[in-house]
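Accompanying notes for the structure given below.
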Amino acid sequence: MPHLLTTSGSVGGYVVAAGTPTVDPAGPVPQLIVAALVGIVVIIVLITWLKVHPFIALTIGALGVGIGAGLAPDKAVTSFGTGFGDTMTSVGILVGLGSMFGKMLVDSGAADRVVDTLVRRSSRAALPWTMALIGALIGLPMFFEVGLVLLIPIIVLVAKRSDVPVMRIAVPALAGLSTMHAFVPPHPGPLVAISTVGADLGTTLAFGIVLAIPVIILAGPLFSRFAARWVDVPAPDLFGSRGGSAAGAAPQDPAHEGRQARRSRPSADTASLPNGKSDFTRVISEPRTPSFTVALIGILLPVVLMLAQAIREATAPDAAGAWVGVLDFLGTPMIAIGIAAVYAMVFFAIGGGMSRSAVSKSLESALPPVAGVLLIVGAGGGFKQVLIDTGIGGVIADAVKDSGVSVLLVAWLVSALVRVATGSATVATVTAAGIMAPIAQDLSSPVVSLLVLAIGAGSVFLSHVNDAGFWLVKSYFGMSVGQTFKTWTVLECLISVVGLAGVLLAGVFIR
C-alpha cells in the first residue's frame with residue numbers, strides 16, 4: 001500500500017519535500033534491479049536489432065519489467081494502461097493541436113513569409129545569425145522533421161544567392177531547429193517529459209527559451225565558422241527556383257488548392273539577398289501569403305500566453321480577481337495552443353487565400369504523421385507507471401540519493417545512453433523521463449523543470465548512423481558519412497553538452 005515519507009532529505013544535493021508518496025516494492029531489490037535492466041536492454045534490442053516499432057518495443061519492455069519485478073500479469077497490464085492513458089490525456093491533445101498549427105503555418109505560406117522577410121532585411125555578414133533565428137522560429141511550433149523539410153530548400157537557395165558557404169547557412173538553421181525541438185514545448189519530447197515528471201509547463205518553457213539562446217549561438221553561428229572550413233561542399237542543386245516544394249510542401253498537396261487557385265501576377269522577388277548583385281533578383285509567381293506580422297503573432301501567441309501565466313504564478317501566487325482567472329485560463333497549455341490553432345485557421349487561411357475545404361484538408365492531413373509519435377509517447381508513459389508501481393522507481397531514487405551525483409547529470413546520462421543506443425530522441429526522452437519520474441517527486445518545482453531540460457539535452461547527443469536525421473542531413477547536402485559526422489553529429493553534441501552545462505550552472509543557483 002502507498003505510504004508517505006514523513007521527513008525531508010536531499011537527492012543529489014537538492015532539497016526534497018516531505019510527504020512524498022512511495023510504493024512498497026513488488027519484490028526483492030535485486031529482482032527489481034535485474035528486471036529494470038533486462039527490460040531496458042530488451043527495448044533497445046527490439047528497436048535497434050529487430051527493427052521493431054518503438055511503441056511495440058516499449059509496450060513489451062514495460063510489461064516484461066512489471067511481471068519480472070513481481071507484479072501479477074493483470075496488474076502489470078493495468079499499470080501500463082493507466083500510465084498510457086494519463087500521458088495521452090496530458091500530451092496527446094497538445095501534440096495534435098500543435099501539429100495542426102504547424103501544418104497551417106506551412107500550407108498558408110506564413111512560414112515562407114517569415115523566412116523571406118527576415119532574409120530580406122539581413123546583410124551577407126548577418127546571414128548566419130538570421131538563419132539561426134529562422135531555425136528557432138520555425139522550430140518553435142513545428143516537429144523536427146517538418147521543420148527540416150521546410151528549411152532545406154531555404155538553406156540551399158540562400159546559400160546559392162548569397163555566395164556564402166552552405167555550411168555557414170545550414171549549421172545555424174539546423175542548430176535553431178534542433179535546439180527548440182529538444183528544449184521547448186510544445187514539441188512531443190519536452191511535453192512528455194513535463195507530463196511524466198510533473199514539471200510546470202510555463203516554468204519549463206521560460207527556462208527552455210533562456211537556455212536555448214546561448215546554445216543556438218554556440219552551436220549555430222559560431223560553430224558554423226569551423227564547420228564551413230572542415231566541410232567545404234557546394235550548395236546542392238536541388239531547387240532551381242522557389243516554387244511549391246521549396247515552401248516545404250508539394251504542389252500536389254490538396255491543402256494548397258486555395259492558394260494555388262489565387263496566384264498573383266509575376267513580380268520581382270524582393271527577398272533576394274542584399275549582396276549588391278543585381279542578377280540575384282528573381283521573377284517568380286507567388287500565391288498570396290499572410291503578412292509577416294500576422295505570421296509572427298501566430299507563432300509567438302501560445303508562448304506569450306503560457307509565459308504570462310507562469311510569470312503571474314511566480315510573482316503573484318496569492319493574487320485573486322477576475323484577471324487572474326482569465327490569465328490562468330488562457331495560459332493553460334491546451335487553451336493557449338488551441339487559441340493558436342484557431343488563429344491559424346482564421347488569419348493564416350485568409351492571408352493565404354485558402355478555401356474552407358483547403359483548410360479542412362490541411363488540418364486533416366496534419367494528424368496521421370503524428371500518430372506514431374503519440375503511440376510512442378503513450379507507451380513511454382505506461383513504462384513510467386510500471387516503474388513506479390513495482391517500486392523500481394523508489395530503488396532508483398534511493399540509489400541516486402546515496403551516490404551524491406547530481407540528479408540533473410544522471411538524467412542527462414540516462415537520456416544520452418538511450419539516444420545513442422536507439423537513435424531516437426523521442427524514445428530517449430520518454431524512457432529517461434520514466435526512469436527519473438520517482439526522483440522528480442522529491443524535487444522542488446524549478447529543479448524539476450531543469451530535470452526536463454537535462455533529459456532534453458541528453459536526447460540529442462551523438463546523432464550517428466542509427467538516427468534518421470543523420471541520413472536526412474547527409475542526403476540533402478550531398479555529404480559523405482565522414483563529413484556528416486564533422487558537421488551534423490558535432491552540432492548535435494554541442495547542443496547536448498552546452499545544454500547540460502547551462503542546466504548544471506542554473507542548478508547551482510536554483511533550489
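Please enumerate the residues belonging to region 404-416 that are in contact (Cβ under 8 Å) with a residue 60 or more places away in the chain and assigned to a helix (DSSP H, G or I).
Within region 404-416, 407, 408, 409, 410, 412, 416 qualify.
Show the residue pairs meeting these rules: Cβ distance below 8 Å; 6+ apart or different chains; first residue within region 91-104 and farther than 17 Å from residue 301 by Cβ; second residue among the polar types (S, T, N, Q) and crowded, with 24+ Cβ neighbours inside 10 Å.
91/195
Among the residues in region 315-323, are any touching a residue at least 12 places away in the same chain (Cβ under 8 Å) and open to solvent by less than 80 Å² (accessible area, probe 1.4 Å)?
Scanning region 315-323 turns up no residue that is touching a residue at least 12 places away in the same chain (Cβ under 8 Å) and open to solvent by less than 80 Å² (accessible area, probe 1.4 Å).
How do the helices (runs of 4 or more DSSP H) wholly within region 49-123 filter down when requiring 2 or more residues that are out of contact with any strand residue (DSSP E or B) (no Cβ under 8 Å at 6 or more places or on another chain) and closer than 25 Å to residue 422 by Cα: which remain?
Fully inside region 49-123 and qualifying: 54-69, 73-87, 93-107.
I'm trying to understand the selection: among the residues of region 33-64, which are within 16 Å of residue 84 (Cβ to Cβ), open to solvent by 50 Å² or more (accessible area, probe 1.4 Å) and of a type outside the set (A, V, I, L, M, F, W, C)?
53 - this is the single residue of region 33-64 that is within 16 Å of residue 84 (Cβ to Cβ), open to solvent by 50 Å² or more (accessible area, probe 1.4 Å) and of a type outside the set (A, V, I, L, M, F, W, C).
Given the condition open to solvent by less than 80 Å² (accessible area, probe 1.4 Å), out of contact with any Leu (no Cβ under 9 Å at 6 or more places or on another chain) and not basic (Lys, Arg), answer yes or no: does some residue in region 335-343 qualify?
no
Can you tell me which residue in region 119-146 is most open to solvent (accessible area, probe 1.4 Å), limited to those that are closer than 20 Å to residue 293 by Cα and not hydrophobic (A, V, I, L, M, F, W, C)?
121
Starting from region 492-511, take each residue that is among the acidic types (Asp, Glu) and list its partners that are crowded, with 24+ Cβ neighbours inside 10 Å, counting only C-beta distances under 7 angstrom and pairs at least six apart or across chains.
Close Cβ pairs satisfying both conditions: 492/178; 492/460; 492/461; 492/463.
Considering every residue within region 44-57, establish whether at least one is more than 19 Å from the chain's Cα centre (by Cα) and among the small types (Gly, Ala, Ser).
Yes, some residue in region 44-57 is more than 19 Å from the chain's Cα centre (by Cα) and among the small types (Gly, Ala, Ser).
Might you let me know whether region 386-398 holds any residue that is modelled with pLDDT of 85 or more, closer than 30 Å to residue 462 by Cα, surrounded by 19 or more Cβ atoms within 10 Å (Cβ to Cβ) and within 26 Å of the chain's Cα centre (by Cα)?
Within region 386-398, one or more residues are modelled with pLDDT of 85 or more, closer than 30 Å to residue 462 by Cα, surrounded by 19 or more Cβ atoms within 10 Å (Cβ to Cβ) and within 26 Å of the chain's Cα centre (by Cα).
Is it the case that residue 88 is surrounded by fewer than 23 Cβ atoms within 10 Å (Cβ to Cβ) and in contact (Cβ under 8 Å) with a residue 40 or more places away in the chain?
yes
The values are calculated or read from the model by the stated rules, or taken from the named source; none is laboratory data. Everything numeric in this text was worked out from a predicted model, so none of it was measured. Cβ atoms come from the backbone with ideal geometry, glycine included; neighbour counts cover every protein chain shown. SASA here: full protein model, heavy atoms, side chains in, ligands and nucleic acids out. Shrake-Rupley method; radii C 1.70, N 1.55, O 1.52, S 1.80 Å.
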